[in-house]
Amino acid sequence: MIEGEYAGAFGPLRDLLERNLADGSDVGAAVAVVHDGDLVADLWGGEARPGVPWTRDTIVQVWSVTKTMAALTLLVLVDRGEVDLDAPVATYWPAFAAAGKGDVLVGQVLGHASGVPGWSRPVSVEDLLDLELSEGWLAEEAPWYEPGSASAYQILDHGHLVDGIVRGATGRPLAEVFRDEVAGPLGADFFIGVPDDRLDDCADLLSPPRSSVDFSQLPPDHFLLRTIANPFLTMPVCNSEPWRRGAMAAAGGHGNARGVARAQAVVSHGGELDGTRLLGHGTIDRIFDVQADGTDLVLVLPLVFGTGYALPGPSAPAVPAGRTCWWTGYGGAIVVNDLDRRTTIAYTPNQLAEHMVSSPRTDAYVSTALSCLEDL
């Protein structure tokens, strides 16, 4: 049974969610669209956990969609003049200058071109959740390649890198600044670190099918192997309370589609939503400054990274061309900010699919939502 509300033109989006829940493509999921300031679709259904229905307040880990929240938080500080995208990271985090990283720029970090896509030393889940410890190790890390020359997707350390900048600039951790300066003012149901009173609202993640990628064909020093498995995040880890409470801003954020869309719509709506302005037009323009364009050294896919978001490209065929910024999460979650249409689309499932950047299930939600817009 599908619950929620939607404008009549979004009937096909509701029908898609219903079909996917019926055939098992989705087990529990939500999809939302904010258009021209209005929540024109807010739909959910299925199970959060066995025997527990997905409700309006259900939240789920959205993996790397969390990175868009980290980016938005840092861009708010940029807009206020507290951080300069063109300044070295070491301006705010002096220890980061070690091992030849003194010239790495804040904008390069947001564009996955910092040269530091992970840790060389073995890192445990416990280490990952101890932000100041593992950020200290990143500060000591030598670049894996020439910073700024290409993107190397910062799968697990992106949030640590951004947190180090935010913490240095404000004296407060990223998760706290996001809560107080972004999610709170916008009324967005999204958390980088789930509070105790919302733990019961968390949906359990369900493992994806076995990957068709033959990792044994990659050389042992390949960046993908050096990052994705250090540490490797299993479903029992991600469904645990310590992980959910943790402030892992690369992949650990929890929200629902409405919360994701609500937070990110400030980008698609010119920096202001419902009278709350977080970004000026000049700051939004900086999102479209290309930091890297080419084959990503971790994901081995052609990607265009702007400042904090990916931009349209061949690896995500459903993302529309034009003034659009977006990113996705492992298993299928996605947010698309279409500034030309003043629209944000979000999808948050608990059943993971084989999906790194795109997949048929996620593409169908984005394409259907865009098609529905034409009938509004």
- Can you tell me which residue among GLY102, GLY81, GLY107, GLY115 is over 14 Å from the mean Cα position of the chain (by Cα) and assigned to a helix (DSSP H, G or I)? GLY107
- Filter segment 275-305 for residues that are more than 28 Å from ALA183 (Cβ to Cβ) and of a type in the set (Asp, Glu); which is surrounded by the most Cβ atoms within 10 Å (Cβ to Cβ)? ASP296
- Item | Test for GLY332: is it buried (at least 18 other Cβ atoms within 10 Å of the Cβ), under 18 Å from the mean Cα position of the chain (by Cα), free of Cβ contacts under 8 Å to residues at least 40 places away in the same chain and in a loop (DSSP other than H, G, I, E, B) | yes
- Message: Checking GLY308 against (1) in contact with a Gly (Cβ under 9 Å, 6 or more places away or on another chain); (2) within 17 Å of ARG323 (Cα to Cα); (3) surrounded by fewer than 18 Cβ atoms within 10 Å (Cβ to Cβ), only one condition comes out false. Which one?
- Response: (3)
- Query: When you go through (1) touching a residue at least 60 places away in the same chain (Cβ under 8 Å); (2) surrounded by 13 or more Cβ atoms within 10 Å (Cβ to Cβ); (3) within 30 Å of TRP144 (Cα to Cα); (4) not β-branched (Val, Ile, Thr) one by one for GLY270, which number turns out not to apply?
  - Reply: (3)
- Within segment 194-239, can you find the residues that are of a type in the set (Val, Ile, Thr) and either within 20 Å of the chain's Cα centre (by Cα) or modelled with pLDDT of 95 or more (or both)? VAL194, THR227, ILE228, THR234, VAL237
- Task: Being of a type outside the set (Val, Ile, Thr) and out of contact with any Lys or Arg (no Cβ under 9 Å at 6 or more places or on another chain) narrows it down to one of GLY253, GLY294, so name that one.
- Result: GLY294
- Query: Taking the stated definitions as given, is LEU370 assigned to a loop (DSSP other than H, G, I, E, B) and either hydrophobic (A, V, I, L, M, F, W, C) or more than 26 Å from PHE223 (Cα to Cα) (or both)?
  - Reply: no
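The values are calculated or read from the model by the stated rules, or taken from the named source; none is laboratory data. All values reported here derive from a predicted model rather than from experimental measurement. When we count neighbours, we look across all protein chains shown, and the Cβ atoms used for this are built from the backbone with ideal geometry, even at glycine.
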